[in-house]
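Undergrad: There's a structure below that I have some questions on.
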Amino acid sequence: MSWLYRAEFLDPANGRVLQTTQFRWSSVPDASEEALLHFPAGKIPASGRLSVRVSPMTVNAPVNAATISFDLRYSELAVSFSGAVTTITWPAVAGPLGYDLWVNDETRGISQYIRRSSLASNSFSFNFPEGIYRIWVRSKDVVPWLWSQSEVISVGTVPKLLAPSGTISTAEGWGSFRWPRLQGAASVELWVNRVGGPARVIHETGLAGDSTEFTPRTPLPYGRYQAWIRSQGVGAGHGLWSAPVSFTVLPPVVQPVVTTSPFDRTPTITWTAPFAGVNYELWIGRLDGVEVFRKKGISGTSLTLPVELANGSYRVSLRGQTADGTLLPWSPPENAPLTIGFTGTVQGTLVGHRTLFWGALPGATHYDVWLNLVSGEQSPQSQIYRNPAVTDTSLLLPAILPAGGYRLWIRAVRAVEGETFLTEWTPNGTNVSLS
């Protein structure tokens, strides 16, 4: 027995499907079988990353959906230093037409400082002058491979931190401090200070000499920081400290969520506290930005509005304030829509043998039907028929209505506990012909 599966090739950066194909799998459960799938090289994303999502198309197929991700760039480079000579090596490929090496001089801003597009072997040695260099390589075939991940090296110069820098959101999980491979380093020392707080928050003194990154065991809290690195040579003293790199870890955005029905005029907004000791400010505005509600100093993580909102569409934004007065950023208003009343109009109107049919609208208790006579033997008449209390999604029109052309409008109504909500009338109306 065999089962049919779908394979979707996706760009993992945005989830876009690049190609879809199907294949059959006939192994018994818990056995293995290979399926050969073809994907054109020209469709590979510029990032060099690709995901394949496989899902069953046959009922009761023995394997569930799964996604596999690939990094299609050439293998990482290896760098070694011997005196003044730097040697770059990479995995050999069987039967290539050669290798293509690209080196940028980042100290002096020179692109393709070295370019060797027809290297026969999988290594390259060079006596680099002092500076920082970024290196890529790829195998040359009938169609060249993707470029490798870059390798950054620092030769005979003051080291440099490559990351982090600028502003980093705590939600991004920025992760690591990164620096170039340091020539002649037996170990690397990393120092991080928090500006305006406890002076030293990270001090690592024994990082491997060939290391190029360090990930803190716990994420840094929000605040401003400065970081430095330096090398320790074999049997020698420390190298010079790098220039300080300044960066800011942004405080978290607190996202509000509307948890009540659109037919509740005093909705409840909830959120999750990022940490203890925070109070909040809640803002609600119309789509044009006009404020309709604001409250400061909320100590909990939810608020039921003390005032009623009129029918319409709104946006909600929230920000926190810490005990020391630091304001957290406002949440994006577009991420928390709030609607009071219906969110649409009646759709799908059909006519058959003097019976009207339309689609149900969630939340409606009944419907309001309006007909204008627009043509026929009888003179046109506005609202020749009106029924504001139709409890079904169909209506048999009375036989007394004359033959002719009509214009029809329907709107949904919700009437509960003294509250009445109305949709807009169906846009433009619907042409109806009765014979």
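Undergrad: Of the peptides 364-372, 5-13, how do they stack up when ordered by the mean number of other Cβ atoms within 10 Å, highest first?
TA: Per-residue Cβ counts within 10 Å, averaged per peptide and sorted highest first, yield 364-372, 5-13.
Undergrad: Under a point-charge model restricted to the Cβ atoms of Lys and Arg (+1) and Asp and Glu (-1), what is the dipole moment magnitude of region 243-333 relative to its Cα centre, in debye to the nearest 20?
TA: Magnitude of the dipole: close to 40 debye.
Undergrad: Would you order Thr212, Thr266, Thr89, Thr218 from fewest to most other beta-carbon atoms within 10 Å of each residue's own beta-carbon?
TA: Thr218, Thr266, Thr89, Thr212
Undergrad: Another question about this same structure. For each of Glu213, Glu151, count neighbouring Cβ atoms within 10 Å of the residue's Cβ, then give the residues from fewest to most.
TA: Final ranking by Cβ density, sparse to dense: Glu213, Glu151.
Undergrad: Further, regarding this structure: Taking the Cα centre of region 166-250 as origin, sum charge times position over the Cβ atoms of Lys and Arg (+1) and Asp and Glu (-1), and report the length of that vector in debye to the nearest 20.
TA: With Lys and Arg at +1 and Asp and Glu at -1, about 180 debye.
Undergrad: Sticking with this structure for a sec: Placing unit charges on C-beta atoms (Lys and Arg positive, Asp and Glu negative, everything else neutral), compute the dipole magnitude of the chain about its Cα centre in debye, rounded to 20.
TA: Around 540 debye, computed over the chain.
Undergrad: State the answer as a single residue: which of Val258, Thr301, Phe275 lies farthest towards the positive end of the charge dipole of region 225-324, with beta carbon charges of +1 for Lys and Arg and -1 for Asp and Glu, about the Cα centre.
TA: Phe275
Undergrad: A further question on this structure: Based on DSSP, what percent of beta bridges with both residues in the chain are antiparallel, to the nearest 5?
TA: 95 percent
Undergrad: Using 1/(1 + (r/R0)^6) with R0 = 56 angstrom and r between the beta carbons of His238 and Ser69, what's the FRET efficiency to the nearest 0.05?
TA: Computed FRET efficiency for His238 and Ser69 comes out at 0.85.
Undergrad: Can you order the peptides 155-164, 117-126 by their average number of other Cβ atoms within 10 Å per residue, highest first?
TA: So the peptides 155-164, 117-126, ranked by packing, come out 155-164, 117-126.
Undergrad: Sticking with this structure for a sec: Sort Arg115, Arg217 so that the residue with the fewest other Cβ atoms within 10 Å of its own Cβ comes first and the one with the most comes last.
TA: By the 10 Å Cβ count, ascending, the order reads Arg217, Arg115.
Undergrad: Starting from the Kirkwood radius over alpha-carbon pairs of the chain, derive D by Stokes-Einstein at 20 °C in a medium of 1.002 mPa s and give it in µm² s⁻¹.
TA: D = 73 µm²/s.
Undergrad: Then there is this: Just to check I understand the Karplus step: with θ = phi - 60° and J = 6.51 cos²θ - 1.76 cosθ + 1.60, what whole-Hz values come out for region 316-325, glycine and proline as x?
TA: Running phi through 6.51 cos²θ - 1.76 cosθ + 1.60 with θ = phi - 60° gives 10, 9, 9, 9, x, 9, 7, 4, 8, x Hz.
Undergrad: Add +1 for every Lys or Arg and -1 for every Asp or Glu among the other residues with Cβ under 10 Å from the Cβ of His238, and state the total.
TA: Within the 10 Å Cβ shell, the charges total 0.
Read-outs throughout are calculated quantities, based only on the coordinates presented, and are distinct from any laboratory measurement. Treat the numbers as computed from the prediction; the structure is a model and nothing was measured. Don't worry about glycine lacking a Cβ; one is built from the backbone with ideal geometry, like all the others, and counts go over all protein chains shown.
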